[in-house]
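Working notes, structure below.
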Amino acid sequence: MTQHIHHMKKTLTLALLLSGAAVMAQQKEPAGIRAVGTPPNPKVQVAWNRYYDYKGMLDIMQRMVKAHPNLAKLESIGKSQQGRDLYVLTITDMKSGKPDTQKPAFWTDGNIHSNELQGSEMALYAAWYLTENHASNAFIKELLRDKAFYFAPTINPDAREDFIYNANTANTPRSGMLPIDDDGDGLVDEDNFDDLDGDGEITMMRRKSPYGRLKANPEDPRMLIPVKPGEQGEYEMLGYEGLDNDGDGLINEDRPGSYDPNRDWAWNWQPDYIQGGAYKYPFSLPEPRAIMEWVMKHPNIAGAQSYHNFGGIFLRGPGAAEDDIHYDREDVQVYDYLGQTGEKMIPSYKYGSIHKTLYTVYGGEIDWFALGRGIFMFSNELWTSYLYFNKKGEANELRATPNTEPYDFDRLLLHGDAFVEWKPFKHPQYGDIEIGGFKKNYVRNHPGFILETDGHRNAAFTIFHANQMPKIEVKEVEKQELGNGLTQITATITNSRVIPTHSSFDVKNKVNLPDYITLKGAQVVSGLQMSNPDGGGSGFGGPSPAFESYKEQKLNPDKLEVANIPGMGYVRLRWIVKGNPSNWNIEVNSQKGGVTTASGNFEKKK
Amino acid sequence: MRKRFISTLGLALMLGGRLWAQSAYPDQSALTKRLQQINAQHKNLTSLQSIGKTSTGKDLWVLSVGQGDARKKPAVVIIANVEGWHLAGTELSLQTAEKLLAQASTDSVSKLLASKTFYFIPSLNPDAAAQFFAKLKYERSGNARITDDDRDGRTNEDGPDDLNGDGFITQIRIEDPEGNYRLSKGDSRVLVKADPSKGEQGRYLVYTEGIDNDKDGEFNEDGEGGIQLNKNFTFDYEPFKPGAGDYPVSEPENRALIDWLYENKNVYALITFGMSNNLTEPNKFDPAKANQRIIKGWQAKDIAINEYVSKLYTGTGLTDAPTLAPGKGDLPTWAYYHFGKFSFSTPGWWMPKDTTKAATRPATMPASRPGAMPGRGTAPAASEEEVTILKWAATNNIPAFVEWKEIKHPDFPNQKVEVGGMLPFVKWNPPVAMLTPVADKHASFLLSFAKAMPEIEIVHVKTENLSGGLNRITVDVHNKGLMPTHSEIGNRVKYEDRLKVIATPAKNQKIISGRTHQLVRTAIAGNGVEQMTWLVSGTGNFEIEASAGPTGSAKVNVTLK
């Protein structure tokens, strides 16, 4: 707490004092107290076994910025439909000598589907973990020096508040809160759910009926199971709690929103009749529009993840089979490496493409980032029924047919906290019914005690992905005198990470600018880049090995335009200059690889 | 202003004082003035509204024509100059509006103006259109956004250059052994692509007039402008293609239009003056395309309507427009496939067929699209078609050609380079006088179209007293128009404003069977009927109203005793 006062003054001495204080505090803690992996002495205390509303999230972010002014900054990138600020929290080492926009950056968002709460807490956890570990963890220190993180913990704040404060099911609102006439009767949002029993939850309605084909499960009578043919039933289901508010014979058919913010993005966008949930055109909703505009202004974003629930899946694009052609081998290899490592990091999570693993999505966020902007992106479907008993359940993940696991888990580990007991109710349209069922925060959102565990594993996957964004270095700068007052300078530029500066799709479509590699302070006569490495890069069975060959760039030969610096690869550039320089000064300006400058002396290098 | 006047005058003199002096197409300020005048003259029949602004602040005007509250009546939207260089569309739409208003006092027209709304949007792309009035004239489709058309990291770095200083971008030809163009046999001024399979040898390289400013081997591939609106709508959109932008509906112009259309629930159909044509050549039914998941063909019932509307159109004498296939990401296809409305398009004016007869354009190929010019380094459509355009221009005394004249060209220092070729705008933008008779025909087409639009009435109102105060009420909701209440594709579209039938019982009445609110999800065909029935107990007035934006409304009151 006293440290906050020090932070008000930003002098170098104070900063040094501070880091000293942190080290001292750390030393005070006996080594045996600290559980490994947990940040030592976190400046910001957050309980990670609960969910936060808009105000609570803002408070956490503001405390992070206050405690770590050199690592965190908070900005609003636009307004939601109801006028809430859409926050982006930037986490990077701001004293590294480079602004965040000159570093490869990683975008993380959460909660695009408002009922999928944990995306927000898990994004906040990742930001918290990075800031609180920076002082003590060498890997995190280097990561934040080289890269920037942009966290948007909720990109659907209006409906998040609705989910938290108003009666909802586990599946609603999902949408944003833009008023829309869903049933086309000219009235807007006139038939929402009704919290008939006033408990803040929308659960189920059931009615005793001799014609019903359901009965109470003798193992756990809270659960209804189908009766066998020939067996007498006991109950019929009447859907979610509600009334026919507009007298059209339908219940709960025109609720707030009911479009899908994740069908409002500009890749293979399709209208509602093809892709349910689409609105007028890409970015016709204010939240995706604000994000799009911000992402367009931040071409340094090279990797991204969007936190959803559920199913335990790392999804890459494409959303639709016809876009498979845009994912060629080189790009898929990158995704495979990342996704397969993720499978190891979070047990039971699976990696795959959206349309093959989940279902077809047109106009989804992942495709726009990946193809529309050339950013390697995953959608993390957090929480899986595997986590009930750490084993694969018998029931289908997404369509829970008679699956006793959620009931068993609730009974054995939550002691009934996830369930609203069935209670009788007099329904104006249905007569005598009973209302009860699982609470909205169950089945999709993590139970509290698993939230931190899974949050950490997921954050580690995000960090792993982010660390694989390009790391560009200038290596091996050599010169050779050509005679007649000309000298040839050859430089090798490497990328020591898996993600290239341009995806293969990006190279083909020129989505982003090329990498500019400039020899500064020299009189350049000709500029060339290697078009073919020694041996032709052909490996086995290719044409006979050849020597390196080079291609000339006639316009602005000092500033070479390089289509891509491949992952775990290099490019080689050559300049023919006047005179015989003793120094070199090279700048690599790559949108997704950052700005890297290096200089040296030829004589010394020898 | 003064500068422009001088240069235009100079040009007019040079070109024999015809095309530019005569054309008198309205620029944005003249267009605004004219719309304001129309609006002032017909206050009780029109209203003028700006639905948005371009990035340079030019208004996007909508002129509403009709009596009473425009939004409460079924409407047809007439949109022009999405292309930017199609000034004839702008002028035609204005004249059509003027003709409608001129006939406003006649019985039949006044009846239509009372029951329908006509929305005229004469120029959706005024920033591109401005190039027609600029010092340097060329056919421009791109709006004022600064774009990197060739995606090389530099913006607007290689636009066309007026090498002969005549104020027009035409072409350059270079005598070159690698040339792939030859002289036309029909008109030796015209260059035609040599066909090696016919043993033809090329002698010329042909490019649009300019210099390879950025030395990338392509000519004039990244000039001023912009996003081409007709490549920037969502249907069949192709990202990253020159002029298409990075994502669809990225521009203030098309965003404003779509938002406005979604707000105006009364819109029934769109008619576009532009470079596609389903009015003289209706769409053909393709079951595979019409039934695939991503629908890319008109639905069967909509084809029938297209054929009918086409008959209305050609019936006015507007026949033989050239085949013009829709473009990827264009407005008319968006309006049908994504907005779900009937969408018709026509160039409005075209060269008469007898002078184009000699054209060798294959029937299945779309005509050359001059909007693509200045092109991607290759020459604009130079074909035998130019020969016929020049013949027609000569017959009508319209300057159309700049004679080839040798110049010095920095990219071809040791070769013979000449500037010359077809003038821009000639093919699709005739002298304004030629548009007057065509506008008459479009006005009468619009009237016959409006007459055929759906109209709802409630007929065959029947009350049967069953027993014990229980009545059965039966009505027919009848579409007395010739066209359906909405398109067949509209059956699928979520945001279509469908026919709603609302029954309002008196206080002491109770509906035993039937609903107070009913939605007719599927379109009612022309002269089609949807029967509705209620079982009602209790006496008094039982009101039934059927309404939808695109069809209007009807109401009946039944008294139960």
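The values are calculated or read from the model by the stated rules, or taken from the named source; none is laboratory data. Computed from a prediction, not measured in an experiment: that's the story for all the values here. Quick reminder, even Gly has a Cβ in these numbers, built from the backbone with ideal geometry, and neighbours come from all protein chains shown.
Within the group B:Ala393, B:Ala381, which residue is small (Gly, Ala, Ser) and at pLDDT below 90? Before the answer, list the steps.
Values: B:Ala393 fails: at pLDDT below 90.
Step by step, each of B:Ala393, B:Ala381 is checked, and only B:Ala381 is small (Gly, Ala, Ser) and at pLDDT below 90.
Name the residue, out of A:Glu219, A:Glu241, A:Glu253, A:Glu190, that is modelled with pLDDT of 95 or more and acidic (Asp, Glu).
Details: A:Glu219 fails: modelled with pLDDT of 95 or more; A:Glu253 fails: modelled with pLDDT of 95 or more; A:Glu190 fails: modelled with pLDDT of 95 or more.
That would be A:Glu241, the only listed residue that is modelled with pLDDT of 95 or more and acidic (Asp, Glu).
Which one of these is away from chain A (no Cβ under 11 Å), on the phi < 0 side of the Ramachandran plot and surrounded by 15 or more Cβ atoms within 10 Å (Cβ to Cβ): B:Ile544, B:Ile502, B:Ile489? Steps first, answer last, please.
Values: B:Ile502 fails: away from chain A (no Cβ under 11 Å); B:Ile489 fails: away from chain A (no Cβ under 11 Å).
Sole residue among the options that is away from chain A (no Cβ under 11 Å), on the phi < 0 side of the Ramachandran plot and surrounded by 15 or more Cβ atoms within 10 Å (Cβ to Cβ): B:Ile544.
Are any residues in region A:33-55 part of a helix (DSSP H, G or I) and surrounded by fewer than 18 Cβ atoms within 10 Å (Cβ to Cβ), and if so, which ones?
Hit for region A:33-55 is A:Lys55, nothing else.
Among the aliphatic types (A, V, I, L, M) and surrounded by fewer than 22 Cβ atoms within 10 Å (Cβ to Cβ): is that true of A:Leu58 in this structure?
Numbers: among the aliphatic types (A, V, I, L, M): yes; surrounded by fewer than 22 Cβ atoms within 10 Å (Cβ to Cβ): yes.
Here the answer is yes, as A:Leu58 does meet what is asked.
With of a type outside the set (A, V, I, L, M) and either in contact with a Phe, Trp or Tyr (Cβ under 7 Å, 6 or more places away or on another chain) or farther than 24 Å from B:Ala256 by Cβ (or both) as the only criterion, which of B:Thr117, B:Thr46, B:Thr106, B:Thr54 stands out? Walk me through how you get there before you give the answer.
Working: B:Thr117 fails: either in contact with a Phe, Trp or Tyr (Cβ under 7 Å, 6 or more places away or on another chain) or farther than 24 Å from B:Ala256 by Cβ (or both); B:Thr46 fails: either in contact with a Phe, Trp or Tyr (Cβ under 7 Å, 6 or more places away or on another chain) or farther than 24 Å from B:Ala256 by Cβ (or both); B:Thr54 fails: either in contact with a Phe, Trp or Tyr (Cβ under 7 Å, 6 or more places away or on another chain) or farther than 24 Å from B:Ala256 by Cβ (or both).
Among B:Thr117, B:Thr46, B:Thr106, B:Thr54, only B:Thr106 is of a type outside the set (A, V, I, L, M) and either in contact with a Phe, Trp or Tyr (Cβ under 7 Å, 6 or more places away or on another chain) or farther than 24 Å from B:Ala256 by Cβ (or both).
May I ask you to list the residues in region A:97-113 that are among the small types (Gly, Ala, Ser), out of contact with any Ser or Thr (no Cβ under 7 Å at 6 or more places or on another chain) and modelled with pLDDT of 95 or more? Steps first, please.
Keep residues of region A:97-113 that are among the small types (Gly, Ala, Ser), which gives A:97, A:105, A:110.
Restricting the remaining residues to those that are out of contact with any Ser or Thr (no Cβ under 7 Å at 6 or more places or on another chain) gives A:97, A:105.
Scanning region A:97-113 gives a single hit, A:Ala105.
Let me confirm something: among B:Asp214, B:Asp236, which residue is more than 10 Å from chain A (Cβ to nearest Cβ), in contact (Cβ under 8 Å) with a residue 40 or more places away in the chain, assigned to a loop (DSSP other than H, G, I, E, B) and not hydrophobic (A, V, I, L, M, F, W, C)?
Values: B:Asp214 fails: more than 10 Å from chain A (Cβ to nearest Cβ).
Exactly one residue qualifies, and that residue is B:Asp236.
Mind checking whether some residue in region B:507-516 is touching a strand residue (DSSP E or B) at 6+ places or on another chain (Cβ under 6 Å), crowded, with 21+ Cβ neighbours inside 10 Å and not β-branched (Val, Ile, Thr)?
No, region B:507-516 contains no residue that is touching a strand residue (DSSP E or B) at 6+ places or on another chain (Cβ under 6 Å), crowded, with 21+ Cβ neighbours inside 10 Å and not β-branched (Val, Ile, Thr).
Please verify whether A:Phe193 is under 30 Å from A:Lys73 (Cβ atoms) and either touching a Pro at 6+ places or on another chain (Cβ under 8 Å) or not assigned by TED's automatic domain parsing to the domain that holds A:Ser114 (or both), treating the condition exactly as stated. Full working, then the answer.
Working: under 30 Å from A:Lys73 (Cβ atoms): no; either touching a Pro at 6+ places or on another chain (Cβ under 8 Å) or not assigned by TED's automatic domain parsing to the domain that holds A:Ser114 (or both): yes.
The answer is no for A:Phe193.
Return the residue satisfying two criteria in turn: it lies in region A:124-159 and is over 20 Å from the mean Cα position of the chain (by Cα) and assigned to a loop (DSSP other than H, G, I, E, B), and of such residues it is surrounded by the fewest Cβ atoms within 10 Å (Cβ to Cβ). Quick ask: steps written out before the conclusion?
At the first step, the residues of region A:124-159 found to be over 20 Å from the mean Cα position of the chain (by Cα) are A:132-139, A:141-142, A:145.
Imposing the further condition that a residue be assigned to a loop (DSSP other than H, G, I, E, B) reduces the set to A:134-137.
Values: A:His134: 22, A:Ala135: 20, A:Ser136: 15, A:Asn137: 17.
By that ranking, first place goes to A:Ser136.
If you go through region A:189-235 one residue at a time, how many are out of contact with any strand residue (DSSP E or B) (no Cβ under 7 Å at 6 or more places or on another chain) and in contact (Cβ under 8 Å) with a residue 40 or more places away in the chain?
Within region A:189-235, residues that are out of contact with any strand residue (DSSP E or B) (no Cβ under 7 Å at 6 or more places or on another chain) and in contact (Cβ under 8 Å) with a residue 40 or more places away in the chain number 5.
Report yes if B:Lys116 is of a type in the set (Lys, Arg) and either within 14 Å of chain A (Cβ to nearest Cβ) or surrounded by 23 or more Cβ atoms within 10 Å (Cβ to Cβ) (or both), otherwise no.
Values: of a type in the set (Lys, Arg): yes; either within 14 Å of chain A (Cβ to nearest Cβ) or surrounded by 23 or more Cβ atoms within 10 Å (Cβ to Cβ) (or both): yes.
Here the answer is yes, as B:Lys116 does meet what is asked.
For a quick check of your reading: which helices (runs of 4 or more DSSP H) sit entirely within region B:85-139 and have at least 2 residues that are touching a residue at least 12 places away in the same chain (Cβ under 8 Å), of a type in the set (A, V, I, L, M) and farther than 17 Å from B:Phe449 by Cβ? Please lay out each step first, then the result.
Details: elements: B:87-102, B:107-115, B:126-133.
Once the helices (runs of 4 or more DSSP H) in region B:85-139 are filtered for at least 2 residues that are touching a residue at least 12 places away in the same chain (Cβ under 8 Å), of a type in the set (A, V, I, L, M) and farther than 17 Å from B:Phe449 by Cβ, what remains is B:87-102, B:126-133.
So, B:Phe273, is that one at pLDDT 95 or above, at the interface with chain A (Cβ under 9 Å from one of its Cβ atoms), in contact with a helix residue (DSSP H, G or I) (Cβ under 6 Å, 6 or more places away or on another chain) and surrounded by 24 or more Cβ atoms within 10 Å (Cβ to Cβ) or not? Even if it seems obvious, please write down each step before you answer.
Numbers: at pLDDT 95 or above: yes; at the interface with chain A (Cβ under 9 Å from one of its Cβ atoms): no; in contact with a helix residue (DSSP H, G or I) (Cβ under 6 Å, 6 or more places away or on another chain): yes; surrounded by 24 or more Cβ atoms within 10 Å (Cβ to Cβ): yes.
So B:Phe273 fails the test.
Given B:Leu279, B:Leu270, which one is under 21 Å from B:Phe233 (Cβ atoms), in contact (Cβ under 8 Å) with a residue 60 or more places away in the chain and in a loop (DSSP other than H, G, I, E, B)?
Values: B:Leu270 fails: in a loop (DSSP other than H, G, I, E, B).
Selected residue: B:Leu279, the only one of B:Leu279, B:Leu270 that is under 21 Å from B:Phe233 (Cβ atoms), in contact (Cβ under 8 Å) with a residue 60 or more places away in the chain and in a loop (DSSP other than H, G, I, E, B).
Kindly check whether there is at least one residue in region A:377-386 that is touching a helix residue (DSSP H, G or I) at 6+ places or on another chain (Cβ under 7 Å) and either β-branched (Val, Ile, Thr) or at pLDDT below 95 (or both).
yes
Can you work out which of the residues in region A:239-279 that are within 28 Å of the chain's Cα centre (by Cα) and among the aliphatic types (A, V, I, L, M) is farthest from the other protein chains (Cβ to nearest Cβ)?
A:Ala278
If the requirement is being surrounded by 22 or more Cβ atoms within 10 Å (Cβ to Cβ) and touching a Leu at 6+ places or on another chain (Cβ under 9 Å), which of these qualifies: A:Asp248, A:Asp254, A:Asp181? Reasoning before the result, please.
Working: A:Asp248 fails: surrounded by 22 or more Cβ atoms within 10 Å (Cβ to Cβ); A:Asp181 fails: surrounded by 22 or more Cβ atoms within 10 Å (Cβ to Cβ).
Going through A:Asp248, A:Asp254, A:Asp181 in turn, the sole match is A:Asp254.
Can you tell me which of (1) surrounded by fewer than 22 Cβ atoms within 10 Å (Cβ to Cβ); (2) modelled with pLDDT of 95 or more is the one B:Lys185 doesn't meet?
Of everything listed in (1) surrounded by fewer than 22 Cβ atoms within 10 Å (Cβ to Cβ); (2) modelled with pLDDT of 95 or more, B:Lys185 misses just condition (2).
When you check A:Gly230 against the structure, is it buried (at least 17 other Cβ atoms within 10 Å of the Cβ) and either modelled with pLDDT under 95 or within 14 Å of chain B (Cβ to nearest Cβ) (or both), yes or no?
Numbers: buried (at least 17 other Cβ atoms within 10 Å of the Cβ): no; either modelled with pLDDT under 95 or within 14 Å of chain B (Cβ to nearest Cβ) (or both): yes.
Spelling it out, it is not the case that A:Gly230 is buried (at least 17 other Cβ atoms within 10 Å of the Cβ) and either modelled with pLDDT under 95 or within 14 Å of chain B (Cβ to nearest Cβ) (or both).
Quick one: in region B:318-343, which of the residues that are among the hydroxyl-bearing types (Ser, Thr, Tyr) and part of a loop (DSSP other than H, G, I, E, B) is farthest from B:Asn278 (Cα to Cα)? Please lay out each step first, then the result.
In the first step, residues of region B:318-343 are kept if they are among the hydroxyl-bearing types (Ser, Thr, Tyr); the result is B:319, B:323, B:333, B:336-337, B:343.
Those still in the list that are part of a loop (DSSP other than H, G, I, E, B) too: B:319, B:323.
Numbers: B:Thr319: 12, B:Thr323: 8 Å.
Top of the filtered list is B:Thr319.
Does any residue in region B:181-192 that is touching a residue at least 12 places away in the same chain (Cβ under 8 Å) come within less than 7 Å, Cβ to Cβ, of a residue that is surrounded by fewer than 16 Cβ atoms within 10 Å (Cβ to Cβ) and of a type in the set (Asp, Glu) six or more places away or on a different chain, and which pairs are these?
B:Arg182/B:Glu200
If you scan region B:454-486, which residues turn out to be away from chain A (no Cβ under 14 Å) and part of a loop (DSSP other than H, G, I, E, B)?
So the first thing to find is which residues in region B:454-486 are away from chain A (no Cβ under 14 Å), and the list is B:454-484.
Selection gives B:Pro454, B:Glu455, B:Gly468, B:Gly469, B:Lys480, B:Gly481, B:Leu482, B:Met483, B:Pro484.
Please state which one of B:Thr234, B:Thr155, B:Thr147, B:Thr208 is touching a His at 6+ places or on another chain (Cβ under 6 Å), β-branched (Val, Ile, Thr) and either under 29 Å from A:Lys510 (Cα atoms) or surrounded by fewer than 21 Cβ atoms within 10 Å (Cβ to Cβ) (or both).
On the way: B:Thr155 fails: touching a His at 6+ places or on another chain (Cβ under 6 Å); B:Thr147 fails: touching a His at 6+ places or on another chain (Cβ under 6 Å); B:Thr208 fails: touching a His at 6+ places or on another chain (Cβ under 6 Å).
Among B:Thr234, B:Thr155, B:Thr147, B:Thr208, only B:Thr234 is touching a His at 6+ places or on another chain (Cβ under 6 Å), β-branched (Val, Ile, Thr) and either under 29 Å from A:Lys510 (Cα atoms) or surrounded by fewer than 21 Cβ atoms within 10 Å (Cβ to Cβ) (or both).
Does region A:509-526 contain at least one residue that is surrounded by fewer than 17 Cβ atoms within 10 Å (Cβ to Cβ), within 14 Å of chain B (Cβ to nearest Cβ), at pLDDT 95 or above and over 31 Å from the mean Cα position of the chain (by Cα)?
yes
So B:Thr106 ticks every box in (1) more than 16 Å from the chain's Cα centre (by Cα); (2) on the phi > 0 side of the Ramachandran plot but one. Which box is left unticked?
Of everything listed in (1) more than 16 Å from the chain's Cα centre (by Cα); (2) on the phi > 0 side of the Ramachandran plot, B:Thr106 misses just condition (2).
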